[in-house]
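The values are calculated or read from the model by the stated rules, or taken from the named source; none is laboratory data. Values in this document were obtained by computation on a predicted structure and should not be read as measured data. Here Cβ is always computed from backbone atoms with ideal geometry, including for glycine, and neighbour counts include all displayed protein chains.
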Protein chains: 2
Amino acid sequence: MEPVGIPWGKPRGERADAVRNRAHLIEVARRMVAELGVDKVTMDELAERAGLGKGTVFRRFGTRAGIFHALLDEDETEFQQRVMSGPPPLGPGASAEERLIAYGHARMAFLLARTALARAALDPEQPVPPEGSPSVFHVQTLLRVACPDAATSGALALQLTAALEGPILLYVQNPQESDPGPMPEYLADSWVTLVQCVCRSYR
Amino acid sequence: MEPVGIPWGKPRGERADAVRNRAHLIEVARRMVAELGVDKVTMDELAERAGLGKGTVFRRFGTRAGIFHALLDEDETEFQQRVMSGPPPLGPGASAEERLIAYGHARMAFLLARTALARAALDPEQPVPPEGSPSVFHVQTLLRVACPDAATSGALALQLTAALEGPILLYVQNPQESDPGPMPEYLADSWVTLVQCVCRSYR
C-alpha cells in the first residue's frame, strides 16, 4: 500500500546530478555519524568531506537538522511500510485500539534505537507540520477508527503523538547516563494506559 | 512558597562581575530578540553587541539555546509562583484534577505567547532532564494527588507533559501561517479530555 499523503521520502523529478549529489552526501554523512557521532557533523565539515560546495549542501538539506532528517528517511520509509502493510497488530488485521498500542510501542523502539539522530533531526525553529509527521498521520488515522468521537479536531491525535514521541525527543530520564535506564519499559506501559483511558471513555 | 527542587533560575553564589555580565548579556539579548527576531540572534553577534568575549558568552549560556532559556527564566519564575501560590484553580485550593486542567491551559497560553522563544530554547542535543522541567514537576505532583495509582512510575507524568508542551514545541498547525489558527482552542479542549480520561479511569 502506498503511504498516501505523507510528504516523506525522496523528492520526485530530481535531476541526475542532484540525485547523485544527494546519495553521495547521505553516504558521507552516514559515515561521519558512525565515526564522529552526531554532535560533530556540521554543514561545513560535510561539504568539505564530500568535496562539494557549501551551497550545494545548504540547498540540499536547508539546515543542519535537515542532514539528520535525510538520514532517518530510509529507516522511516521501511518503518511506515510495516505499519501500513506488515503483520498485525502493527499492521492491518488487529483492532484500531490494539494497533494504536502496537504503533506506540514500535515507534518508541524506533526512536530509542536512533535517539541521537532523531533529536538532531529536530529543528526547533522549523517545527514539523503535522501533515509532515508520519506519527501524527498514523495516530490520527487509528484514533478515528478506535474512537471517532474523540478524534474530530485532530488536537487529541497531536497530543497523543506528542505523548508518544515527546518523552524521547524532548526529555531525558537521567542526563548523567547515556543509558536511559528503565524509562522505555515504563513509557511502554503508560502508553497502554493512555490509549486505553482515551478509547474506553469514548465507548 | 519556595519552588523547591526545581533547578530553574539564577545560579547561586555567582561572582559580582559574573552577575553583571549575565544581566548585561540578558538585556542585550532581549533587545536583539525584539529588534531582529529569534532567528537572527547568534552567540557571535551577542558577544559583539555586548562588547564581551565569545568565551564569556559560551561560558554563560553553553549553547545558543541557552541564551533563550535564560530569557524565558524570569517569566518562568513568575509563572511558577502563580502555580505554587496564586489563586485557584491554577494555585492551591481547587481539586488536583481541576488544577491539572488549569495548569495545562495556563501552560499552553504561556508557551503560545512565547512560541518562537520557547522553541529556540530547546536544544535537541541536550534534552531537558525531567527534574529540570517545571512542567514535569507540576504535572507529576498534581497527578500523584489526582490519581495516585496512575502516577507511580513517573512515565505518565512525562507523557502528559509531552502531550501538553509537545504540540506547541514540536509541531505546527499550519507552517504557512504565523498565526496558528484554531489550534490553541482545540488543544485546550483536548487537554481536558486527556486529563479527565486518565483521572476517571483510575477512580
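Residue B:167 fulfils the conditions (1) under 30 Å from residue A:40 (Cα atoms); (2) touching a Lys or Arg at 6+ places or on another chain (Cβ under 9 Å); (3) outside any loop (DSSP other than H, G, I, E, B) except for a single criterion, (2).
Return a yes/no flag: does region A:74-92 have any residue that is assigned to a loop (DSSP other than H, G, I, E, B) and closer than 30 Å to residue B:117 by Cα. I'd like the intermediate steps shown before the answer.
So in region A:74-92, the residues assigned to a loop (DSSP other than H, G, I, E, B) come out as A:86-91.
From what is left, the residues that are closer than 30 Å to residue B:117 by Cα are none.
Looking through region A:74-92, none of the residues is assigned to a loop (DSSP other than H, G, I, E, B) and closer than 30 Å to residue B:117 by Cα.
Just to be sure before I move on: is residue A:54 among the charged types (D, E, K, R), under 20 Å from residue B:125 (Cβ atoms) and free of Cβ contacts under 8 Å to residues at least 12 places away in the same chain in the structure I sent? When the stated conditions are applied, residue A:54 does not pass them.
I'd like to know if region B:177-191 contains one or more residues that are buried (at least 19 other Cβ atoms within 10 Å of the Cβ) and touching a Phe, Trp or Tyr at 6+ places or on another chain (Cβ under 7 Å). Within region B:177-191 (the criterion being buried (at least 19 other Cβ atoms within 10 Å of the Cβ) and touching a Phe, Trp or Tyr at 6+ places or on another chain (Cβ under 7 Å)), the answer is no, since none of the residues qualifies.
Residue B:48 passes all but one of (1) assigned to a helix (DSSP H, G or I); (2) within 14 Å of chain A (Cβ to nearest Cβ); (3) surrounded by fewer than 20 Cβ atoms within 10 Å (Cβ to Cβ); (4) of a type in the set (Asp, Glu); which number fails? Among (1) assigned to a helix (DSSP H, G or I); (2) within 14 Å of chain A (Cβ to nearest Cβ); (3) surrounded by fewer than 20 Cβ atoms within 10 Å (Cβ to Cβ); (4) of a type in the set (Asp, Glu), the lone unmet condition for residue B:48 is (2). Screening region B:161-170 for residues that are among the aliphatic types (A, V, I, L, M) and at the interface with chain A (Cβ under 7 Å from one of its Cβ atoms) and picking the one that is surrounded by the most Cβ atoms within 10 Å (Cβ to Cβ) gives B:162. Taking the listed residues A:158, A:122, A:187, the one that is within 7 Å of chain B (Cβ to nearest Cβ), modelled with pLDDT under 90 and out of contact with any Asp or Glu (no Cβ under 6 Å at 6 or more places or on another chain) is A:122, with no other qualifying. Within region B:33-43, the set of residues being surrounded by fewer than 20 Cβ atoms within 10 Å (Cβ to Cβ) and closer than 20 Å to residue B:56 by Cβ comprises B:33, B:42, B:43. Taken over region B:1-39, the residue count meeting the criterion of being in a helix (DSSP H, G or I) and either within 21 Å of residue B:75 (Cα to Cα) or at pLDDT 90 or above (or both) is 20.
Restricting region A:135-153 to residues that are surrounded by fewer than 19 Cβ atoms within 10 Å (Cβ to Cβ) and modelled with pLDDT under 90 leaves a set whose member that is farthest from residue A:95 (Cα to Cα) is A:153. Residue under question is residue B:96, and the condition is that it be free of Cβ contacts under 8 Å to residues at least 24 places away in the same chain, at negative phi and of a type in the set (Gly, Ala, Ser); does it hold? Taking the combined requirement at face value, the residue does not satisfy it. Contact map, region B:183-203: first residue at negative phi, second residue not in a helix (DSSP H, G or I), Cβ cut-off under 6 Å, separation 6 or more or different chains; pairs are B:183/B:173; B:186/A:153; B:199/B:147; B:202/B:147.
Would you mind stating whether residue A:194 is more than 7 Å from chain B (Cβ to nearest Cβ), surrounded by 19 or more Cβ atoms within 10 Å (Cβ to Cβ) and at pLDDT 90 or above? No: the conditions fail for residue A:194. Considering only residues that are touching a helix residue (DSSP H, G or I) at 6+ places or on another chain (Cβ under 7 Å) and of a type in the set (Ser, Thr, Tyr), look in region B:94-119 and name the one that is modelled with the highest pLDDT. So, considering only residues that are touching a helix residue (DSSP H, G or I) at 6+ places or on another chain (Cβ under 7 Å) and of a type in the set (Ser, Thr, Tyr), the one modelled with the highest pLDDT is B:103.
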